[in-house]
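The values are calculated or read from the model by the stated rules, or taken from the named source; none is laboratory data. Predicted model only: the values in this text are computed from it and were never measured. For neighbour counting, all protein chains shown are included, and Cβ atoms are generated from backbone atoms with ideal geometry for every residue, glycine included. Side chains included, ligands, DNA and RNA excluded: accessible areas come from the protein's heavy atoms. Shrake-Rupley method; radii C 1.70, N 1.55, O 1.52, S 1.80 Å.
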Amino acid sequence: RATEVLSRPRLHSAVVKDFTIELNTAFQGLRIFLKPVLLLSLVVGLFNIIPIGYMREVYGPVMNSRSEFNLFWVTALLALGLVVAALVHWIRHRVFMSASAKLTALLQRRVFVATFEANLRGVSGARIALSDFRQIKNFLASPAAGYIFEAPVGLVFIGIIFYIHPYMGAMSLFG
């Protein structure tokens, strides 16, 4: 009985170590999605400038020249830019969906088996692992994951505003 109790922590640590290796391997498999997501997030972030440029052109050269021809083409460019931005945003979302599907394929069976075995042994809170896994999978497939990757672009924009004028930068941060 004493040797069984002493060997149990080693068994537990071996299982945890194996699962940690599996988890690291699964997340290493998701690294292929990182570069496309970063690039697409940069493009989506930069497309946020399009309406600003549109307003600058409309209330600058277009209003001064009173040219409906220029207004039409500036508006057409805005519409095209917004359509391209939506397309890039959709592509990025599909990449996140693929990452979520790959994570599910790599870990779903292992998490289910581990949860089932823990539940049979009477470990309290064993079913929470399935819920946690579902939350991670759903987060990867949600738009919130993409917004995290857009945050650095927002910091670059704030830096540009501070470069233009420190008071404008302070107003953009603190209102």
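Okay, residues lined up against (1) among the acidic types (Asp, Glu); (2) open to solvent by 70 Å² or more (accessible area, probe 1.4 Å); (3) free of Cβ contacts under 8 Å to residues at least 40 places away in the same chain:
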position: TRP73; (1), (2), (3): no, yes, yes
position: LEU78; (1), (2), (3): no, no, yes
position: VAL83; (1), (2), (3): no, yes, yes
position: ILE91; (1), (2), (3): no, no, no
position: MET97; (1), (2), (3): no, yes, no
Give the residue, chosen from LEU46, LEU103, that is more than 19 Å from ASN138 (Cα to Cα) and not aromatic (Phe, Trp, Tyr).
LEU46
Restricting the first residue to the stretch 43-65 and requiring it to be assigned to a helix (DSSP H, G or I), which pairs with a second residue that is among the polar types (S, T, N, Q) and at pLDDT 80 or above meet a Cβ separation below 6 Å and a spacing of at least six or different chains?
VAL62/ASN70
Return a yes/no flag: does the stretch 132-142 have any residue that is at pLDDT below 85, surrounded by 14 or more Cβ atoms within 10 Å (Cβ to Cβ) and polar (S, T, N, Q).
no
Taking the options ALA114, ALA99, ALA129, name whichever one is part of a helix (DSSP H, G or I) and modelled with pLDDT of 85 or more.
ALA99
In the stretch 115-129, how many residues are more than 33 Å from the chain's Cα centre (by Cα) and open to solvent by less than 100 Å² (accessible area, probe 1.4 Å)?
2
